[in-house]
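Q: This structure is in structure tokens; I'll ask about it shortly.
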């Protein structure tokens, strides 16, 4: 039996969670785990209840902002923060 380690297992799940991202530039997933139990998942994008970037547009893309710059223009949250908000 070729069974993944717990770390490999959880890392694979983050890749699936990332597919739910609403960010137009990058898809990232995160999970909160305690004692091998998944507490919450999150992906990068706007907080719950706000219009997604796909619907409202991306200010950084609109202004051709290079990767890694002008993050204050982004309406989205990191995947980790969204996971904490879900917990």
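Q: Applying the selection to region 61-79, what residues are within 14 Å of residue 44 (Cβ to Cβ) and in a helix (DSSP H, G or I)?
A: If the condition is that a residue be within 14 Å of residue 44 (Cβ to Cβ) and in a helix (DSSP H, G or I), then 71, 79 are the ones that fit.
Q: Now for a separate question. All but one of (1) farther than 16 Å from residue 22 by Cβ; (2) not in a helix (DSSP H, G or I) hold for residue 51, so report the exception by its number.
A: Unmet condition: (1).
Q: (1) part of a helix (DSSP H, G or I); (2) in contact with a helix residue (DSSP H, G or I) (Cβ under 7 Å, 6 or more places away or on another chain): which one isn't true of residue 9, the others all being true?
A: (2)
Q: Restricting region 21-51 to residues that are modelled with pLDDT under 95 and loosely packed, with under 15 Cβ neighbours inside 10 Å, which is nearest to the chain's Cα centre (by Cα)?
A: Top of the filtered list is 26.
Q: Which residue out of 32, 24, 85 is touching a residue at least 12 places away in the same chain (Cβ under 8 Å) and in a loop (DSSP other than H, G, I, E, B)? Before you say what the answer is, go through the steps one by one.
A: Numbers: 32 fails: in a loop (DSSP other than H, G, I, E, B); 85 fails: in a loop (DSSP other than H, G, I, E, B).
So the residue among 32, 24, 85 that is touching a residue at least 12 places away in the same chain (Cβ under 8 Å) and in a loop (DSSP other than H, G, I, E, B) is 24.
Q: So, residue 59, is that one farther than 26 Å from residue 13 by Cα and in contact with a helix residue (DSSP H, G or I) (Cβ under 6 Å, 6 or more places away or on another chain) or not?
A: Working: farther than 26 Å from residue 13 by Cα: yes; in contact with a helix residue (DSSP H, G or I) (Cβ under 6 Å, 6 or more places away or on another chain): yes.
The answer is yes for residue 59.
Q: If you scan region 57-73, which residues turn out to be without any contact (Cβ under 8 Å) to a residue 24 or more places away in the chain and closer than 19 Å to residue 19 by Cα?
A: Within region 57-73, 57 is the sole residue that qualifies.
Q: Inside region 58-70, can you point out the residues that are under 17 Å from the mean Cα position of the chain (by Cα) and surrounded by fewer than 14 Cβ atoms within 10 Å (Cβ to Cβ)?
A: Of everything in region 58-70, those that are under 17 Å from the mean Cα position of the chain (by Cα) and surrounded by fewer than 14 Cβ atoms within 10 Å (Cβ to Cβ) turn out to be 67, 68.
The values are calculated or read from the model by the stated rules, or taken from the named source; none is laboratory data. None of the values given here were measured: they were computed from a predicted structure. All Cβ positions, glycine included, derive from the backbone under ideal geometry; neighbour counts span all protein chains shown.
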